[in-house]
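These notes are about the structure you will find just below.
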Amino acid sequence: MKYILLSSLLSISLIAQSQSEIDSWMLNTTGTLGSYDDGSSTTTMTDSADVLQVCYSSSTVYIRAEGLPAYQAGPWAGNPNVPSAQGYTFMFPRTPQQESGTKTGTPIVGPEAVAVNGVVMYGYGDGKSYNPMNSMNEPMGAGVWNSDAWLSEGSSMDATGAGHPDMNGNYHYHATPIQLYSDAGTAHSPIVGFAFDGFPIYGPFGYTSPMDNSSAIKRMVSGYELRSITTRTTLPDGSTASSAGPTVGGGFPLGTYIEDYKHLLNGDLDAYNGRSCVTPEYPTGTYAYFITTDVSGNPAFPYILAGEYYGEVAASDVGPPAGNQTIPGGVTCATSSVQGVSIDYLLAVFPNPATDRLRVVRLNSAAIDFKMTDLAGKVVKAGALLSNETDIPLDELTTGFYFLNVRDGDRLVATTKIIVQ
């Protein structure tokens, strides 16, 4: 069989076009299974990692996933739980809108968004609050001073992905999904997920000037700061707390509770932990949330989203429970190879990691298009797969992670992560 080298690639813009609510998801095309290390042994699961199916209509995107990452998760210090397949189906609006009325609150505990690998992103609480009867943080507390999940549980997050499973096997992130973005700060961060209002969530870095994509790259600074308090009798809005919290200090330092923070106007991001801005995927502008970190790359409050969604949210989308949507008929779907994608689109992509070339092998010889993007969402290569076997030259690309997206017209066929070394 003759191999065809793509010696000339299509002329492209370095600004990705906006179908990101469809293209950003990490579709499992290689049959990768979830796996984890519980501290004593490694388990390879029988359930698929990443996203299994992306379906969409003109107004809505549906994502089906088991909630498992492709990397080996664990171990989790002091956490006896292990991940399990969740059978999620999530729904997002394709054209999200600002909520002009009463905002929908984000859940303190449970899913508030979904990462591009199908793993859920949880709120900033750990389900415990201060109980004045015994001076402890516990699930049956007064519900006023809510314990910060990262401060209380951060030590149990795995070093691989900064996530951990709950008692129901839901592997999730509370902050910094480090497998999904680079922390170099030299380029705009990629999309790492979508909130249930449909607006994208980016990694920590954006443009200095929100509406100028030629401005310098900087780390997005949260507008939230610790309050200057010594007693916990008032809430951030100045109202009197219905139940007093512990005096600041000792075992309850500032930052122990979500209510220890107040949004000021000193950062880059608004009270929802986002801003209106241009991004590589949205060159004409969008509202976007950002993962917040400190100067060392460590999680910074409020981590992902804050107390309310910026956009309109259907009540059925917010969890818990979440991910229990139904995909209707009449939608367009891109499905992972392990879930029975049409035989015309079965792909083998190798070697991966790759050096000077990447070979794409498929059963159908009809021409379909490909696009490679870097972690910042910029298109670095594009062209056509003209035969059953096509070589894509990589020698001009720098070492790093890329995404190969294959499309048949406006239909997303496959997305896979490529390592160039």
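The values are calculated or read from the model by the stated rules, or taken from the named source; none is laboratory data. These figures come from a predicted structure and were not determined experimentally. Cβ: placed from backbone, ideal geometry, glycine included. Neighbour counts: every protein chain shown.
Being assigned by TED's automatic domain parsing to the domain that holds PRO132 and over 20 Å from the mean Cα position of the chain (by Cα) is a property that GLY198 lacks. Please determine whether any residue of segment 107-117 is among the charged types (D, E, K, R), buried (at least 23 other Cβ atoms within 10 Å of the Cβ) and closer than 22 Å to ALA306 by Cβ. The answer is yes, given that some residue of segment 107-117 is among the charged types (D, E, K, R), buried (at least 23 other Cβ atoms within 10 Å of the Cβ) and closer than 22 Å to ALA306 by Cβ.
Every listed requirement among (1) touching a residue at least 60 places away in the same chain (Cβ under 8 Å); (2) within 26 Å of ALA49 (Cβ to Cβ); (3) assigned to a loop (DSSP other than H, G, I, E, B) is met by THR89 save one, (3). Restricting segment 376-401 to residues that are under 22 Å from the mean Cα position of the chain (by Cα) and buried (at least 21 other Cβ atoms within 10 Å of the Cβ), the residue that is modelled with the lowest pLDDT is ALA376. Scanning segment 1-39 for residues that are within 24 Å of VAL379 (Cβ to Cβ), modelled with pLDDT of 50 or more and among the hydroxyl-bearing types (Ser, Thr, Tyr) yields a count of 5. Applying a threshold of 8 Å to beta carbon distances and a minimum spacing of six or more residues, or different chains, the list of pairs starting in segment 234-260 at a residue that is in contact (Cβ under 8 Å) with a residue 12 or more places away in the chain and ending at one that is surrounded by fewer than 14 Cβ atoms within 10 Å (Cβ to Cβ) and outside any loop (DSSP other than H, G, I, E, B) reads LEU254/LEU226; GLY255/LEU226; ASP260/LEU226.
Would you be able to say whether some residue in segment 315-324 is modelled with pLDDT under 80 and more than 23 Å from the chain's Cα centre (by Cα)? The answer is no; no qualifying residue exists. Picking from PRO75, PRO83, which residue would you name as being under 19 Å from ALA115 (Cα atoms) and either at pLDDT 95 or above or not assigned by TED's automatic domain parsing to the domain that holds ALA162 (or both)? Testing whether each residue is under 19 Å from ALA115 (Cα atoms) and either at pLDDT 95 or above or not assigned by TED's automatic domain parsing to the domain that holds ALA162 (or both) leaves just PRO83. Only residues that are on the phi < 0 side of the Ramachandran plot, part of a loop (DSSP other than H, G, I, E, B) and either without any contact (Cβ under 8 Å) to a residue 12 or more places away in the chain or crowded, with 18+ Cβ neighbours inside 10 Å (or both) were counted across segment 47-70, and they come to 5. Would you confirm, using the coordinates I've provided, whether PRO107 is modelled with pLDDT under 95, closer than 21 Å to ILE291 by Cα, assigned by TED's automatic domain parsing to the domain that holds ILE201 and within 18 Å of the chain's Cα centre (by Cα)? When the stated conditions are applied, PRO107 passes them.
For first residues located in segment 213-227 and of a type in the set (A, V, I, L, M) and crowded, with 16+ Cβ neighbours inside 10 Å, partners that are modelled with pLDDT of 95 or more and assigned to a loop (DSSP other than H, G, I, E, B) and lie 6+ apart or on another chain with Cβ distances below 6 Å form the pairs MET220/PRO204; MET220/ASP268; MET220/LEU269; VAL221/ASP268. May I ask you to verify whether THR95 is of a type in the set (Ser, Thr, Tyr), farther than 19 Å from ILE327 by Cα and not in a strand (DSSP E or B)? Judged against the criteria, THR95 is not a match.
Exactly one residue among GLU259, GLU281 is of a type in the set (Asp, Glu) and not in a loop (DSSP other than H, G, I, E, B), and that residue is GLU259. For segment 122-134, does any single residue satisfy the condition of being over 22 Å from the mean Cα position of the chain (by Cα), over 25 Å from ILE178 (Cβ atoms) and among the hydrophobic types (A, V, I, L, M, F, W, C)? Checked against the condition, which is being over 22 Å from the mean Cα position of the chain (by Cα), over 25 Å from ILE178 (Cβ atoms) and among the hydrophobic types (A, V, I, L, M, F, W, C), segment 122-134 yields at least one hit.
For segment 87-98, does any single residue satisfy the condition of being hydroxyl-bearing (Ser, Thr, Tyr), more than 21 Å from ALA73 (Cα to Cα) and touching a strand residue (DSSP E or B) at 6+ places or on another chain (Cβ under 8 Å)? Yes, that holds for at least one residue.
Please work out if TYR130 is hydroxyl-bearing (Ser, Thr, Tyr) and part of a loop (DSSP other than H, G, I, E, B). Against the criterion (hydroxyl-bearing (Ser, Thr, Tyr) and part of a loop (DSSP other than H, G, I, E, B)), TYR130 does not qualify.
Let's see how each residue does on (1) closer than 15 Å to THR231 by Cα; (2) surrounded by 20 or more Cβ atoms within 10 Å (Cβ to Cβ); (3) basic (Lys, Arg):
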| site | (1), (2), (3) |
| --- | --- |
| SER243 | yes, no, no |
| THR247 | yes, no, no |
| GLU259 | yes, yes, no |
| GLY267 | no, no, no |
| ASN273 | no, yes, no |
| THR279 | no, yes, no |
| PRO283 | no, no, no |
| TYR287 | no, yes, no |
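Contact map, segment 377-391: residues that are basic (Lys, Arg) paired with residues that are in a strand (DSSP E or B), Cβ distance under 7 Å, separation 6+ or inter-chain. Pairs shown: LYS381/MET372; LYS381/ILE392.
Just one of (1) part of a loop (DSSP other than H, G, I, E, B); (2) crowded, with 21+ Cβ neighbours inside 10 Å; (3) under 19 Å from the mean Cα position of the chain (by Cα) fails for ALA187. It is (2).
Does TYR282 meet the test of being within 14 Å of LYS103 (Cβ to Cβ) and either in contact with a helix residue (DSSP H, G or I) (Cβ under 6 Å, 6 or more places away or on another chain) or not aliphatic (A, V, I, L, M) (or both)? Here the answer is no, as TYR282 does not meet what is asked. Taking the condition under 21 Å from the mean Cα position of the chain (by Cα) and surrounded by 23 or more Cβ atoms within 10 Å (Cβ to Cβ), does ALA175 pass? Yes.
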